[in-house]
Structure formats: C-alpha cells, structure tokens
1. Test A:N314 against the stated conditions and say whether it is within 13 Å of the ligand (Cβ to nearest atom), in contact with a Lys or Arg (Cβ under 8 Å, 6 or more places away or on another chain) and not in a loop (DSSP other than H, G, I, E, B).
2. Pick from A:A236, A:A210, A:A200, A:A229: which is open to solvent by less than 10 Å² (accessible area, probe 1.4 Å), more than 20 Å from the chain's Cα centre (by Cα) and without any contact (Cβ under 8 Å) to a residue 60 or more places away in the chain?
3. Which is crowded, with 18+ Cβ neighbours inside 10 Å, more than 8 Å from chain B (Cβ to nearest Cβ) and not polar (S, T, N, Q), of A:A85, A:A58, A:A53?
4. Would you mention how many residues in segment A:27-50 are part of a helix (DSSP H, G or I) and either open to solvent by 30 Å² or more (accessible area, probe 1.4 Å) or modelled with pLDDT under 95 (or both)?
5. Cβ-Cβ distance below 7 Å, separation of 6 or more or different chains: which pairs start in segment A:137-152 with a residue that is without any contact (Cβ under 8 Å) to a residue 40 or more places away in the chain and more than 10 Å from every other protein chain (Cβ to nearest Cβ) and end on one that is acidic (D, E) and more than 16 Å from the ligand (Cβ to nearest atom)?
6. Out of all the residues in segment A:373-382, is one or more without any contact (Cβ under 8 Å) to a residue 12 or more places away in the chain, assigned to a helix (DSSP H, G or I), open to solvent by 70 Å² or more (accessible area, probe 1.4 Å) and within 15 Å of the ligand (Cβ to nearest atom)?
7. Sort out which residues of segment A:72-88 are closer than 11 Å to B:R4 by Cα and assigned to a loop (DSSP other than H, G, I, E, B), and write them in order of number.
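The values are calculated or read from the model by the stated rules, or taken from the named source; none is laboratory data. Note that the structure is predicted; figures quoted are calculated from it, not measured. All Cβ positions, even for glycine, are placed from backbone atoms using ideal geometry, and neighbour counts span all protein chains on display. With ligands, DNA and RNA removed, areas are computed over all heavy atoms of the protein, side chains included. Shrake-Rupley method; radii C 1.70, N 1.55, O 1.52, S 1.80 Å.
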Amino acid sequence: MKPAHIHHPEAAAAFLQDREQARWHDSAIWWVRQKRDTQASQLPEWEALRTLAREIKAHTLSRLDEYLVAFQENAEKNGVVVHWAADADEHNRIVHGLLAAAGVQKLVKSKSMLTEECGLNPYLEQHGIEVIDTDLGERIVQLRQEPPSHIVMPAIHLKKEQISELFHRELGTEAGNNDPTYLTHAARANLRQHFLTADAGLTGVNFAIAETGGIVVCTNEGNADLGTALPPLHIASMGLEKIIPRLEHLGVFTRLLARSAIGSPITTYTSHFHRPRPGGQLHIVIVDNGRSQILGDADFYQSLRCIRCGACMNTCPVYRRSTGHSYSYIIPGPIGSTLGPSRDIDQHGSMAFACTTCGSCSNVCPVKINLHEQLVLQRRRAFEAGTLKPVKKMGLLAMRFAIRHPALMDAGGKVMRKVVPVLPAALTADSAWSRAGRALPDMPSKSFKELWRERQQENPS
Amino acid sequence: MTSRDAILARLRQNRPQGPTLPDIHAVPFLGFEDRFAAFAGLIRNLGGEAVQLAEGESVLDHVRARWPDHGRLVDLTSANLPQPVRPHDWNDVDVAVVPGELAVAESAAVWVSHPDNTFRSLYFLTQKLVLVVPRAAIVDNMRDAYARIRFREHGFGAFISGSSRTADIEQSLVMGAHGAMAALVIFV
Ligand code: SF4
C-alpha cells in the first residue's frame, strides 16, 4: 500500500537528491525501452499488430457485459467457480472466505497489480493468513514493506547492495555478497520451500478468453505455475477489462506483451488454465472497483484497453527521472496518471502534471491508448476540482491570461528577453520556477513568432 | 441485486461505441525460410538450446551424453508414465523429458499439454527441462500456433520458451528464478 499523500513534484525532488542513483534508474529503464524497440523493429507487421490489438480491445469494451457473461458460462462448464466483486472490499472478503473455508494458513501469490489496488495483503494478514509474494521483485519489496515502483519490474528503484543487505537480514545470505546470481538463487531456495508448504496459490490474470472460459497468466520466473501446480486451491483475481473474445486473439496479444514489456519475444511461461487440476479447485474473482464507471466516461474509457505491459513508463522521461514511488496511485507512469485521477482526482491530481506531453507513451503503447491526451484532460479536471497547490494554480491562471491576450504575451516576451540577461544570477537562479543547480537557458534575441514571420517573408510559399 | 447483476447493468448502461472485431488473418505475419534455425538462434539467448537428433541416436542417449552425472530422471515420453501421489513428489527431479506438441519459430516457445500427465508441477519443479518435439511440428508465429493447439491436460497448457529467468535485481539477467535452470529442445 502507498502512503496516503504523495505529491509528485516533492517526492520526485527527494528522489533526485541522490544524483547517481537517479541517473542509474533513468538509464536502466531506458535500456528496457531500447530492447523493446529492437523487438518491434524485427516485426514488419508491428504497427498492424498494434492496430489489431486496439480494435480487438475497443470492440470488446463496446460489449463487455456480453463477453463477461459468455466467459462465466464457459468457465462454469469447465468446473471453474466464478465470483463477482463490485469493489476492493468485496474482492478481499471473497478471497478471504475461500481461504478460510479451505483452512489455508499460507498463501503464495504471483504478481497481481489488482491485489495491490485492493490492498489484499494487509487484509489477509489482519485475518491471520501468511501471504508470500513470489515474484522476485515483489518479494523484495514485500520484505522491505514498500509498494512496487514499477508494474513489471517492482524493485527497479533498488541497487543490488540494498537487496544484498535485505537478504542478509531476512534470508541469512552472506554479508556483502552483491552478486545478482547468488542473491537470486538464495531467494529461489527460500521460496521453493514456501511453494512446497503453501495451502493455496493466488495469481493475477493477463487475459481471460470469453470463447473458452479460460485464463492466461504470463511470467518469466515460473512462480505463477509453481504456486498453482502445488497447492490444491487456485484463486485468480482479474479486473473485468481483461476479457478478450476468442482464443485466436492471443495470437495478437502474446506477440505484443513481452516485446513491449521487456523486449523479449515472449515470456518464458504463457500458461492457460481452463479447469481445476486433479484434486483441486479453481476460482476466478472478477473485479469492477471503479472500472465500469471509467467505461462510461468518454474522455477516459480507452484506458481500459491497457494490458499492463509497462512500456509507457519505460519511455516516459518523467517516470524514469522520478521513480514509481513519486506517484500517489499504485500504478505509476502515464497509464497510472490517467487511472489514478479517474479514480480519485483529489488524491491523485498531481499525477496528471507529471508529464511533458511529449506523447512518447502513446507511441509505444501496444493497444494505442491516447495516454498523453488523457493526461491533459485529467489536468483540466484537477484544476476544476481545485486540487492544485496555489503557486501552480496562479501560474496556470497567468498562463491562461497571457495566451488569451497575444499582444500582452508578445510584449512580455520582449521584456523578458531584454531583462533576464542583465539580471543578477542570484535572482534568476532561485525563483519559484527554478531549483538550486538549474540555470536558465540563454535568452534568444528574437521570439519564435518573429523568426517565423521573417522566414515567411524570405521564402513566401 | 447481486454484485454480478449490478456490475453487468452498469457495463450495459456505459457501453461505448466500438468497431467490429477485426480479422486477424487479413494481415501478413512474420515467416521464416528456416524455422529451426530461427528457433535455435533465439533460444540461445533465453537460457536454452535446440538440437536435431542425429541418425540412430535416442533422446535418452542424447540427454545422458549431455548430463552424464544427472540425478533423478523422469520421462513422460515413455509408454508407462510414472504417476506420483502428490504434485510435490516431483520436487527432487533433476531432468524431466516431456513431449512438446508444437514449436514456434518467432518466440522459441514449445506447447506443452500432455493428456496422460496428472501433475503439471513436474514441468516447473525439475532442474532441467527437456522438450521433445516432432521436426515437422514447427510453425512461424504465435497466430499459427494458436490455430493448432489443444488443451489436453486437464484444461491446462503452456507455451514454454527457454529457462525460468528474472532480471529483478538491477536488470541483471539470471537463469533459474523458480523453474528449470536449463531448457533443451530436441527435435526428432
Ligand atoms: S497503457 Fe499501454 S503502454 Fe502503458 S502499460 Fe498499458 S498497455 Fe502498456
């Protein structure tokens, strides 16, 4: 769970104090973006694939109720039990009810942003159930008692030295051994014991197939598979937007997901579950928790196409330089910055401003969500809801005034270009718009408008 | 009203406009001249290896030659399948030899869904996973693969591509996160 009040610019400034770590974070994530580019460039049909994915999802959203009903019918024919949860609380109660009925003491979980959204772990722990996150990154942040900072790479904000220290304390690994292979295999041995002694496994859902009533879970580690192949009870929690109409559509989505997420052609394991395993039970909890509301919002419903690949955060210049922990909503980056404010504009308004409107997110998104446009619209909502800090609000009002009075804007620009260069440095370096260590760029001699006019006169088209 | 009915009613009421379903077969997808070469080239970077069985060589010959000191070996391609009592009983398996129905050139993935296997835990508990695939059963891409797969194993089936891996510590790629540390695909 995240702390109640996070204000993006302040949290980002705190993160940027450690310049070296900030630079590392930026470049490590940019590297993932580049791997994604390499994969995309190897498929001549990449753009056509994105268009197919968008259309399949857009179609599905236009009759989501029908596809969910079909999914439930087909799943039940296969002996799967389907539950419906209107909100986070109902989801948590359903899951706890199933665990309690089976006398479960230990639950192994694979990655699920939905259960983060619902606050499932603390709920179950309050009810005396031991919850073990099994994705390595998730396990690391669980042991540190902090939220994931990325939806695909939960511990990307940490250095290996920090993980080594944590494992030394929690798992008894050698002090000062920072080797990622050593640390990973230590966690493997420890988690293997948890898999073998767990009473139930919980997974998320990447795709739910209406036509077959089955679900698909994708991991590289194999933790979802171990967690559901050993204990007899498998619970899968899914947001209701995870539906796709037909099995063959996986031939589009499995080609896009891992390439977009981590720059691999596919995840190691793409597992399809249609029936409980021999001697076991399979329960699927379909969760709304605000999604049906977003569906009815013409400006934002497209965000429900998201397949949670994380590509939009990897490419985002603001995310890379501020970490997921600077965003108030559990999902950070561009997609979180529209989902969070859609959910609660008062709490998450600052996220909509963690954006340069460069549009890179919309360009990499495998389902072509108009992310940057949504963020601009969320800003308007944040402004109208009165959630902005006074300085930001004054700035925006001044900007609006200037834009509506072009003559004044021109005059103001002229004055700035003349005055700023002769101001003492102390004055420009420490204004409300600047921070220590940042300098104003040199003032150009002419405005854009003036340059444009001159050009038009030189080369009349 | 139950939560189900309330949710469905809201979804019905809030339906946006949407396009008809596109025909995913209308777009040409990637293909390969030499599918085996593409598969073998790719899997090397994914913690795996692909080989074609030599004339007169058996799968088990090949496995024993590669890992002469191997521990417990379970062979699901043999006629009399070993079936343990609990899925946990596979925990000490060193090498699992498993039939793969189909291989995919673009992703080095193999489709596994064995009609007579009781506990799929074997695929994930074993230290080394050997997938045995008929030479002709290799397709270009995932769309072609989904046109051919069947769910034979108690409704379960998985594409497996290389070894279990993670890069969760500083983006350093480590093989053997939870599942198999080595993956060998033998085309027969
Ligand atoms: S919005 Fe698009 S790019 Fe971002 S996580 Fe979702 S699918 Fe991926």
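1. Yes.
2. Numbers: A:A236 fails: more than 20 Å from the chain's Cα centre (by Cα); A:A210 fails: without any contact (Cβ under 8 Å) to a residue 60 or more places away in the chain; A:A200 fails: without any contact (Cβ under 8 Å) to a residue 60 or more places away in the chain.
Going through A:A236, A:A210, A:A200, A:A229 in turn, the sole match is A:A229.
3. Numbers: A:A85 fails: more than 8 Å from chain B (Cβ to nearest Cβ); A:A58 fails: more than 8 Å from chain B (Cβ to nearest Cβ).
Going through A:A85, A:A58, A:A53 in turn, just one is crowded, with 18+ Cβ neighbours inside 10 Å, more than 8 Å from chain B (Cβ to nearest Cβ) and not polar (S, T, N, Q): A:A53.
4. Just the residues of segment A:27-50 that are part of a helix (DSSP H, G or I), to begin with: A:27-41, A:46-50.
Filter once more, so that each one left must be either open to solvent by 30 Å² or more (accessible area, probe 1.4 Å) or modelled with pLDDT under 95 (or both): A:27, A:30-31, A:33-35, A:37-38, A:41, A:47-48.
Looking only at that region, the number is 11.
5. Once the first residue is without any contact (Cβ under 8 Å) to a residue 40 or more places away in the chain and more than 10 Å from every other protein chain (Cβ to nearest Cβ) and sits in segment A:137-152, its partners that are acidic (D, E) and more than 16 Å from the ligand (Cβ to nearest atom) give A:Q142/A:D133; A:L143/A:E170.
6. Initial filter on segment A:373-382 (without any contact (Cβ under 8 Å) to a residue 12 or more places away in the chain): A:373, A:380.
In the following step, the residues that additionally are assigned to a helix (DSSP H, G or I) were identified as A:373, A:380.
From what is left, the residues that are open to solvent by 70 Å² or more (accessible area, probe 1.4 Å) are A:373, A:380.
From the residues that got through so far, the ones that are within 15 Å of the ligand (Cβ to nearest atom) too are A:373.
Within segment A:373-382, one or more residues are without any contact (Cβ under 8 Å) to a residue 12 or more places away in the chain, assigned to a helix (DSSP H, G or I), open to solvent by 70 Å² or more (accessible area, probe 1.4 Å) and within 15 Å of the ligand (Cβ to nearest atom).
7. If we filter segment A:72-88 for residues that are closer than 11 Å to B:R4 by Cα, which is where we start, we get A:72, A:82-86.
Answer for segment A:72-88, where residues must be closer than 11 Å to B:R4 by Cα and assigned to a loop (DSSP other than H, G, I, E, B): just A:A86.
Residue-wise test of (1) of a type in the set (G, A, S); (2) within 25 Å of A:T228 (Cα to Cα); (3) open to solvent by 70 Å² or more (accessible area, probe 1.4 Å).
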residue: B:H62; (1), (2), (3): no, no, no
residue: B:R72; (1), (2), (3): no, yes, yes
residue: B:D75; (1), (2), (3): no, yes, no
residue: B:A103; (1), (2), (3): yes, yes, no
